[in-house]
Amino acid sequence: MRKLKLFIAISMLAQLGMANASPEEDVAKAISKIYDKPDQKVVTNPVAVVDKFAIADWTQGSRGGRALMKNINGQWAITACGADGIKELKNLKDAGIPTKTAEALISKLTQLEKSEDPQRLKMFSLFGTKDDPKNKEESHHNHEHHHQH
């Protein structure tokens, strides 16, 4: 009987361990679920998590940026997308994040980003800016369209 109880306890712990991904992994999965394309997956890292908030750096092809996330009832949801502005204390506070949590998020992400490749790090600053590759594609398409007339 003692061995059976031990086996059941070990089995339960193993199941818990397999079912519980880290918050960082959960954030990456939430972003992938929304934005992955069959031919182009989103690469989400690094991810800084503090309490129920996260900032996730991401790249997808030639694009990149940052996502501000909040854990709502156990599910990670994107509350804002952007570039460097996501790392500004005022913007995080305006998004309803307590000051100490916002400061910790910025500090944690800044530390994690130190190990990123400089080229990839630059991509996190592009989303929604004039240098965003999506804007350049649209500009190129509009330019071509004018030549067709």
TODO: Would you mind computing, in nm to one decimal, how far apart the modelled labels at K122 and D84 are, each placed 7 Å from Cα along Cα→Cβ?
DONE: 1.3
Open item on the list: With the cut-off at 24 Å, tell me which of the pairs K37/K90; K90/K134; K37/K108; K41/K134; K41/K122 have Cα atoms farther apart than that.
Closed with: K37/K90; K90/K134; K37/K108
- [ ] Quick one: which residues, 5 or more positions from V42 or on another chain, have an amide H under 5 Å from its amide H? H modelled 1.01 Å from N in the peptide plane, none for Pro or chain starts.
- [x] D36, K37
TODO: About the Cα centre of segment 19-148, how large is the charge dipole given +1 on each Lys and Arg Cβ and -1 on each Asp and Glu Cβ? Please answer in debye to the nearest 20.
DONE: 260
Open item on the list: Counting other beta carbons within 10 Å of each residue's own, what order do S125, S107, S32 fall into, fewest first?
Closed with: S107, S32, S125
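Any read-out appearing in this document is the output of simple, stated calculations on the displayed coordinates, not a laboratory observation. Since we're looking at a predicted model, the values are computed, not measured. All Cβ positions, glycine included, derive from the backbone under ideal geometry; neighbour counts span all protein chains shown.
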